Ligand SMILES: NC(=O)c1ccc[n+]([C@@H]2O[C@H](COP(=O)([O-])OP(=O)(O)OC[C@H]3O[C@@H](n4cnc5c(N)ncnc54)[C@H](O)[C@@H]3O)[C@@H](O)[C@H]2O)c1
């Protein structure tokens, strides 16, 4: 298959490209190298892919680049590019969120009309749910985001669905629940925690640490993309979670054991936009896609810690 992966230099997109290339697929990887975090991390994340013959990197901004040439001969588009993260989405930063998450998604979907692709997989987010009334949460729950980021991801999902309904672009949306593993974004909790612990600094925990998350190993999220490309139902949304909830406090205890470093925790007020709990009911993804999360949080944390040590030159 020939695939287009947008956001290919990012955390999830780079793993997805590696997975597709390892299976012998051709990948056109698109990324604008936005300055949301250290560009050297993005460059290093795609080093492996750049060394493979089936890979072509296109440095382009989906907000403005001519898109039809990127889609030539493509069978599947995996749309991972976005401005990600809840906390930074308030205030003046919102412009970047709407431009990269809504406008760029609309441009890409528009370019896919009549392009002959057989699947468009959109990276959505558990943040579209906000504070869930029921845990684990099924896809039928009413989406009520509590962050501007969540609003933009939900808008992208609606665009994906309506381009299927109105224009027969064969879209599927995957609602990832907090993804963990090597190459995690530096603004995400475990990257921040592990780095601070390795550097002997205190870690900042928002709230009391008893908030829970459904954590998903990055390899499981990648596998969900592959399954969605093959078996997803057009216009559908699927929860992609790790199969259970863990408190932030428990996850820090796991990190302490893995790193053999005691965390010095400083509590800060809960952040606007962070839900208290998230939990994925993955039965639809299991039944329709054959999705089964395989890697428990502890192993995901071990792999992330090992990667971070190497990234920081400490292994
Ligand atoms: N990481 C998670 O836990 C998580 C959870 C839920 C949803 N998601 C979604 O998954 C996707 C990937 O997230 P991630 O954590 O890998 O983020 P990331 O920031 O590491 O990767 C996103 C990439 O997209 C690129 N990009 C942004 N705007 C672009 C544009 N206009 N044109 C081209 N490239 C552009 C960035 O340069 C970046 O490399 C995003 O859509 C995000 O909203 C992530």
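Pick from 38, 140, 220: which residue has the top mean-square fluctuation in a GNM of the chain where Cα pairs under 10 Å get a spring?
Residue with maximal mean-square fluctuation among 38, 140, 220: 140.
Angle, helix 148-167 long axis vs. longest principal axis of the chain, Cα atoms, 0 to 90°, nearest 10?
Roughly 20 degrees between the two axes.
What number, in percent, do you get for the relative contact order of region 222-315 if the mean sequence gap of Cα pairs under 8 Å and at least 6 apart is divided by its residue count?
45
Give or take rounding to whole Å, what are the principal axis extents of the alpha carbon atoms in the chain, in descending order?
Principal axes ranked by extent give 55, 45, 40 Å for the Cα atoms.
How much length is gained if the chain between residue 162 and residue 87 is pulled fully straight, taking 0.36 nm per residue apart and subtracting their Cα-Cα distance, in nm to one decimal?
Contour length minus Cα-Cα distance gives 24.2 nm.
Tell me, what is the percent relative contact order of the chain, built from C-alpha pairs under 8 Å that lie six or more residues apart?
18
What angle do you read, to the nearest 10 degrees and between 0 and 90, between the alpha-carbon axis of helix 248-259 and the longest principal axis of the chain?
80
Against the longest principal axis of the chain, how steep is helix 218-231, in degrees 0 to 90 to the nearest 10, with axes from Cα atoms?
Taking the Cα atoms of the chain, the angle to 218-231 is about 20 degrees.
Please give, to one decimal in nm, the separation of the simple spin-label points placed at residue 253 and residue 39, each 7 Å out from Cα toward the Cβ.
A separation of 4.3 nm, rounded to one decimal place.
Can you give the extra length, in nm with one decimal, that the chain gains between residue 1 and residue 266 once fully stretched, where that is 0.36 nm per residue apart less the Cα-Cα distance?
90.5 nm
Read-outs throughout are calculated quantities, based only on the coordinates presented, and are distinct from any laboratory measurement. What you see is a predicted model, and the numbers here were worked out from it, not measured in a lab. All Cβ positions, even for glycine, are placed from backbone atoms using ideal geometry, and neighbour counts span all protein chains on display.
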